[in-house]
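Presented below is the structure to which this report refers.
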Amino acid sequence: VVDEAHLRARCRAFKEAFGEGAVLYAGKALLLKAICRIVAEEGLGLDVVSGGELYTALAAGFPPERLYFHGNNKSEEELAEALAAGVGRIVVDNFHELALLGQLAPRAKGARVPVLLRLAPGIEAHTHDYIKTGQLDSKFGFSLAGGQAEEAVALAAASNAVELVGLHCHIGSQIFKTAPYAEAAAVMMDFAARIWQQTGTVIRELDLGGGFGIYYAPGDEPLSPREYAAVMREVVAAKAEASGLVPPRLLVEPGRAIAGPAGTTLYTVGAIKEIPGVRKYVAVDGGMADNIRPALYQARYEALLANKADRPAVEKVSITGKCCESGDMLIWDISLPKAEPGDILAVSCTGAYCYPMASNYNRLPRPAVVLVYEGEAALIGRRETYADLVRLEVVPPRLQRRLAG
């Protein structure tokens, strides 16, 4: 269930903090056509990372000039689709991609393709290893160590196919401090100054990515968009002044920080198993198939029994899913009113990286997605059926004959 008012409020908070045209919603957090429409109405840009996300955005009528196309392994077909659509920027991740654009761009209409180069700035973001992205040893971007980034700038600046507009970095996710962003801004601005002094190349845009932390459970202390913006702007302005540069346009890419708090997952309680003196398991009709984050990242969540929200907590239980995996645990040791089969468990802050990462493991259909706004509910993602699970499958004729015989 997605709270549209909350989603829009988060869009506006980031836009007010960073300015008009400076906020690109990271579609990988939650991307459905209705979400694209809301983001477009709120005046944000959109960060897409695959041909499928690009297709979804275009199918929703999202303005292509406000699309930034990311990804560490864009195929030739995906790049051709992006060029044909007229996306605003392509964020180039590697030398292979630069070469592909050199081949594809002359066939596309218009001038050179505007690009940002994604760099790995070597910043240590204190978060889970699987969601760190800006360190030296990363699959993403041109490394600042060893001269890769300088080589990429030289190639892009000399290319007749691309126009080097700016630089990009992303240091990780679920970050609650401003210091890593200040450090990233400083490193990126120092690099921008160096290449300007050495080659005369001027960086007009600086995209510092996303990763802004949100509240999931006690101990999480998120900052406001304004706090992040103030630190980033201060560093960029100071570095630009010291180097004699015009401050580049600052961009950010919040995804989780916009969609995460707006989403709530509703489960129905089923089997309940108590091991005396050990643990009480409360099973729900979902689990790691619709929320892989606890198993993948050890992510923590809060929850309540929606139909018993006014009752006091009387027992400590652990919430498990229905997948055939011991690791299919949504929440360990949560205090709730006495749970019974048929109760509705509401897990908060599931708006980001749950539905997009959902699978059909154990042949579980993906859940429906409902948008709520001013007392009205609207379906924006249909619940999958069993027929959907086999819709793309084909049984070879020889096997069909054997079964028939």
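The values are calculated or read from the model by the stated rules, or taken from the named source; none is laboratory data. These numbers come from a predicted model, not from an experiment. Every residue, glycine as well, gets a Cβ built from its backbone with ideal geometry; the counts of neighbours run over all protein chains shown. Just the protein is used for accessible areas: all its heavy atoms, side chains included, with ligands, DNA and RNA removed. Shrake-Rupley method; radii C 1.70, N 1.55, O 1.52, S 1.80 Å.
At 7 Å along Cα-to-Cβ for each site, give me the label-to-label distance between D333 and E384 in nm.
About 3.4 nm separates the two model spin labels.
Let me cross-check D310: its accessible surface, 1.4 Å probe, with only protein heavy atoms counted, in Å² to the nearest 10?
140
For the chain, with every protein chain kept in place, what is the accessible area per residue (1.4 Å probe, Å²)?
On the way: 19080 Å² over 405 residues.
Per-residue value: 47 Å².
Hand me the tally of lysine pairs in the stretch 217-334: alpha carbons under 19 angstrom apart, and the pair either on different chains or 8 or more positions apart.
For the stretch 217-334, qualifying lysine pairs total 6.
Among rounded, prolate and oblate, which fits the stretch 1-156 when a ≥ b ≥ c are the square roots of the eigenvalues of its C-alpha gyration tensor, a/c under 1.5 means rounded, and a/b larger than b/c means prolate?
Values: a/c = 2.00, a/b = 1.24, b/c = 1.61.
Judged from the Cα gyration tensor, the stretch 1-156 comes out oblate (a/c at least 1.5, b/c at or above a/b).
Roughly how many percent of the accessible protein surface of the chain is carbon and sulfur, given a 1.4 Å probe and a whole-percent answer?
Working: 10060 of 19080 Å².
On the chain, the fraction of accessible area on carbon and sulfur atoms equals 53 percent.
Is the shape of the stretch 127-274 best called rounded, prolate or oblate, per the rule: a/c under 1.5 gives rounded, else a/b larger than b/c gives prolate, else oblate, with a ≥ b ≥ c the square roots of the Cα gyration tensor eigenvalues?
On the way: a/c = 2.72, a/b = 2.02, b/c = 1.35.
Cα axes put the stretch 127-274 in the prolate bin.
Please determine, in degrees from 0 to 90 and to the nearest 10, the orientation of helix 95-104 with respect to the longest principal axis defined by the Cα atoms of the chain, where the helix direction is its Cα long axis.
Rounded to the nearest ten degrees, it is 80.
Per-residue accessible area for H6 at 1.4 Å probe radius, Å² rounded to 10?
70
Under a point spin-label approximation (7 Å from Cα along Cα-to-Cβ), what is the R398-R12 distance to one decimal in nm?
6.4
In degrees, nearest 10, range 0 to 90: what is the angle between the Cα axis of helix 148-158 and the longest Cα principal axis of the chain?
Taking Cα atoms only, the helix is inclined about 60 degrees.
Report Rg (one decimal) and Dmax (nearest whole number) for the stretch 146-187, counting Cα atoms only, units Å.
For the stretch 146-187, the Cα radius of gyration and maximum Cα-Cα distance read 14.0, 41 Å.
How high is the FRET efficiency from A99 to C324, r the C-beta distance, R0 56 Å, rounded to 0.05?
Values: r = 45 Å, r/R0 = 0.80.
My answer for the efficiency is 0.80.
If r is the Cβ-Cβ distance from E65 to D220 and R0 is 35 Å, what FRET efficiency results, to the nearest 0.05? Please list the in-between numbers first.
Details: r = 36 Å, r/R0 = 1.02.
Computed FRET efficiency for E65 and D220 comes out at 0.45.
Among 297-304, 196-203, what's the highest-first ranking by average C-beta atoms within 10 angstrom per residue? Provide the component values of the computation, followed by the final result.
Numbers: 297-304: 17.1, 196-203: 13.9.
With the highest mean Cβ count within 10 Å placed first, the list reads 297-304, 196-203.
Round to the nearest 10 and report in Å² the accessible area of L155, as given by a 1.4 Å probe over the protein chains' heavy atoms.
Roll a 1.4 Å probe over it and L155 shows about 90 Å².
Taking the Cβ-Cβ separation of Y297 and A242 as r and a Förster radius of 41 Å, what is the calculated FRET efficiency to the nearest 0.05?
In this case the efficiency is close to 0.60.
Shape verdict for the stretch 229-339, please, from the Cα gyration tensor: rounded (a/c under 1.5), prolate (a/b greater than b/c) or oblate.
On the way: a/c = 3.49, a/b = 2.89, b/c = 1.21.
Here the stretch 229-339 falls in the prolate category.
Distance between Cα centroids, the stretch 1-60 to the stretch 303-381: provide it in whole Å.
First find each Cα centre; the distance between them is then 24 Å.
Write out the chymotrypsin sites (Phe, Trp or Tyr not before Pro) in the stretch 1-81 meeting two conditions: DSSP loop, and at most 16 other Cβ atoms within 10 Å of their Cβ. Intermediate values should be presented prior to the final figure.
On the way: sites: F14, F18, Y25, Y55, Y68, F69; in loops: none.
Sites meeting the loop and neighbour criteria: none at all.
Can you tell me how much longer the chain between I344 and R311 gets when fully stretched, taken as 0.36 nm per residue apart minus their C-alpha distance, in nm with one decimal? Intermediate results must be reported in sequence, preceding the final value.
Values: separation 33, 0.36 × 33 = 11.88 nm, distance 1.36 nm.
Difference between extended and current length: 10.5 nm.
What is the angle, in °, between the Cα long axis of helix 4-18 and the longest principal axis of the Cα atoms in the chain? Nearest 10 is fine, range 0 to 90.
20
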